[in-house]
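Student: After the C-alpha cells below, expect a handful of questions from me.
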Amino acid sequence: MNKNTLNLLNKLSILVVEDDELARIAIKQAISSYCKNYYEAPDGLIGLEKFKKEQVDIVVTDIHMPGINGFDMIEEIRRLKPKQIFIVMTSYDTDENLINSIKGGVFSFLRKPLEIEELQTSLLIAQGRLKSNIEKISEVVEIDYQNEYIYLNGKLIFLSFNNHKIFWLLCYNLGNLVSYDMIENYVYDCESINKSTLHNAILRIKHQLPSVSIENIQSQGYILKTNL
C-alpha cells in the first residue's frame, strides 16, 4: 500500500494481541512506523493489562490464544470501554467465530493467513469510526475522546495519573454506572481500595472540573452525567 496512504494512521494508537511471534513481527513491520503508538501482547491476559495501562484507539486481536482467548479479552475490555474498536484475526474460519465477533461489536473480521494489506485497509476504515470530535459535557468542560484531552473554558486541563484514568473511565461510560469493581480493575490493577480514597479522588476531580456532574450511587459506584 502507498506510504502516503498509510501515513493517515499517524494519529492512531494500536494494540496488537497475537500469540504467533512471526505474525506479530510481520504486523509490526507493516504498521508500527505509521502509527502514533504501537503496542503488542503475546496473549489475551497481557493484552488486557496493556489495554488498561495505555490509551488505545484500535485493538487488533487473534481469537485462539493461551491464557484468555480473544473473545474473553474483548468482553472484559468492552465492560470498561463499551465503544472500543476491535479487528479480529483467526485461522478458524467458522460461522460461530464470525457470529461471536459480530455480537462482540467487532468492526472487522480477518481470516488467516493474514493479508497485511487487508489489515492496513481495515485500520484505515476503522479510523473513520473513532469518536474524534470534541464533546461538551458541561457549559465549560469539553472532552476530546481520541486524545483523552480535557478542556476547561477552552484551556487544556491535566489531572493526576489515577484521577485521569478514573475520569476517562466515567467518560467512556457516560450516563451509565461505573461500579467500584470496574474502577479497581481499570485504575488500580484489581487492587482493593478504600471507598474514602476513591471518594477523595472524585472530590479532587470535581475541584479541578467544578461544573461536571459525577453522582455517587451508594454502595455501587459513580455516574458521570452531561450537565447542560
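Student: Among the residues of region 46-54, is there at least one that is in the same structural domain as ILE125 (by the TED database), crowded, with 19+ Cβ neighbours inside 10 Å and not in a helix (DSSP H, G or I)?
Tutor: Checked against the condition, which is being in the same structural domain as ILE125 (by the TED database), crowded, with 19+ Cβ neighbours inside 10 Å and not in a helix (DSSP H, G or I), region 46-54 yields no hits at all.
Student: Taking the stated definitions as given, is GLY67 in contact with a Gly (Cβ under 6 Å, 6 or more places away or on another chain), modelled with pLDDT under 90 and farther than 20 Å from GLN127 by Cβ?
Tutor: yes
Student: Got a number for residues in region 25-34 being surrounded by fewer than 14 Cβ atoms within 10 Å (Cβ to Cβ) and either in contact with a strand residue (DSSP E or B) (Cβ under 7 Å, 6 or more places away or on another chain) or not hydroxyl-bearing (Ser, Thr, Tyr) (or both)?
Tutor: Number satisfying all stated conditions: 2.
Student: So, one more: Criterion first (assigned to a helix (DSSP H, G or I), surrounded by fewer than 18 Cβ atoms within 10 Å (Cβ to Cβ) and aliphatic (A, V, I, L, M)) does LEU22 satisfy it? Show your work before the answer.
Tutor: Values: assigned to a helix (DSSP H, G or I): yes; surrounded by fewer than 18 Cβ atoms within 10 Å (Cβ to Cβ): yes; aliphatic (A, V, I, L, M): yes.
Yes, satisfied.
Student: If GLU191 passes every condition in (1) free of Cβ contacts under 8 Å to residues at least 24 places away in the same chain; (2) at positive phi but one, which one does it miss?
Tutor: Single failed check for GLU191: (2).
Student: Six or more apart or on different chains, Cβ atoms under 7 Å: show the pairs whose first residue is in region 51-76 and under 21 Å from ILE31 (Cα atoms) and without any contact (Cβ under 8 Å) to a residue 60 or more places away in the chain and whose second is among the aromatic types (Phe, Trp, Tyr) and open to solvent by 60 Å² or more (accessible area, probe 1.4 Å).
Tutor: Here the result reads ILE63/TYR92, each pair linking region 51-76 to a residue that is among the aromatic types (Phe, Trp, Tyr) and open to solvent by 60 Å² or more (accessible area, probe 1.4 Å).
Student: Another question, then. Working carefully through the options GLY105, GLY154, GLY128, find the one that is under 29 Å from VAL212 (Cα atoms) and modelled with pLDDT under 90. Spell out how you get there, then give the answer.
Tutor: Working: GLY105 fails: under 29 Å from VAL212 (Cα atoms); GLY154 fails: modelled with pLDDT under 90.
Testing whether each residue is under 29 Å from VAL212 (Cα atoms) and modelled with pLDDT under 90 leaves just GLY128.
The values are calculated or read from the model by the stated rules, or taken from the named source; none is laboratory data. Just so it is clear, the model here is predicted, and its values are computed rather than measured. Here the Cβ is made from the backbone with ideal geometry for all residues, glycine too, and neighbour counts use every protein chain on show. Quick note on the areas: whole protein, heavy atoms, side chains included, nothing else; ligands and nucleic acids left out. Shrake-Rupley method; radii C 1.70, N 1.55, O 1.52, S 1.80 Å.
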